[in-house]
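All of the numbers you see were taken from the coordinates with simple rules; none came from a lab. Treat the numbers as computed from the prediction; the structure is a model and nothing was measured. Don't worry about glycine lacking a Cβ; one is built from the backbone with ideal geometry, like all the others, and counts go over all protein chains shown.
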Amino acid sequence: MPRIRGLIGILLFAGLWQFFSASNSLLLPPLTDIISVFFKSLVEGDLLRDIIDSTCRVVAGVCVALSIALPLGILSSLWKSLPEYCSGLVEMIRPIPPIAWAPIAIIAFGIGDAPAIAIVALGAFFPLWFGIVQGLKNIKGSHLYAAKSLGANYRLVFTDIIVPSVMPFFLHGLRLSVGLGWFCVVAAEMLGASSGLGYAVQLSSLNLEMERLYTYLVTIGLTGYISNSFLMYFDTRYGSGRHE
């Protein structure tokens, strides 16, 4: 039922869009024109290529962030004071929008994939870091002592106690990271890339190709929705969602 209501809401919004587009076709092109441009771009391959480029940058950026956050999280479980030492620096950097680092990323890495990946990694790092740290804090000492007293080895403790305790927080942080990753990659591509969804949005706006602009905006929303739904499945099955 919630999905049906959501679909009805989309259809109502589409109807209102089509109605108001008659009075201002420059700002709100007819949906029929947007749909036509969407399928034309899809058939020609431009849209699919930009989707692939942006998706690869998001995946690469999240993987870079995970490769940093995971070892730091493991280290913080061994050195309990590490999150406290990092908290001041983290709280100073975290409020800075990742896109504000774009000039530095472009100077450091040039034009292309690298600066976009770096900006995505920066934006994706903090939810992953907080999720892993909070998950490690959620491990109950009584469970560890009980497992050890029953003769459980480290592998069993890791698979049956540590992973189930951390997983809900990790998956939630991963979902947030991917969402921020899409936000960051589009902004980064608008400033320093020659392909991708953000680059296409920037190019379309400069050329006042409003149908193409809205096509890419809708594509960004759909791609983000699909990636979030994919992660939501794992969160529901293996994370906190299974307890709701």
Mind giving me the FRET efficiency for I107 and S149? R0 is 51 Å, r the Cβ-Cβ distance, nearest 0.05 is fine. 0.35
Using the Kyte-Doolittle scale, which helices in the chain average at least 1.0 and also have C-alpha atoms spread 18 Å or more along the helix axis, with helices defined as whole DSSP H runs? 2-20, 31-44, 46-78, 113-137, 163-192
Once L27 and V157 are pulled to full extension, the length gained, defined as 0.36 nm per residue separation minus their Cα-Cα distance, is 40.9 nm
Are there any chymotrypsin sites (Phe, Trp or Tyr not before Pro) in the stretch 58-105 that are in a DSSP loop and have at most 15 other Cβ atoms within 10 Å? List them by number. W79
Excluding same-chain residues fewer than 8 positions from K137, which lysines have a Cα within less than 29 Å of its Cα? K80, K148
Computed lengthening from A114 to A14, 0.36 nm per intervening residue step minus Cα-Cα distance: 32.3 nm
Full-extension gain between R5 and L75, please, as 0.36 nm times their residue separation minus the C-alpha to C-alpha distance. 20.6 nm
Give me the distance between the Cα centres of the stretch 67-87 and the stretch 157-183, rounded to whole Å. 15 Å
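When the helices in the chain are scored as -39500 (n - 2.57) per DSSP H run of 4 or longer and the sum is shared across all residues, what 222 nm value do you end up with, to the nearest 500 deg cm²/dmol?
So the helix-based figure for the chain works out to -26500 deg cm²/dmol.
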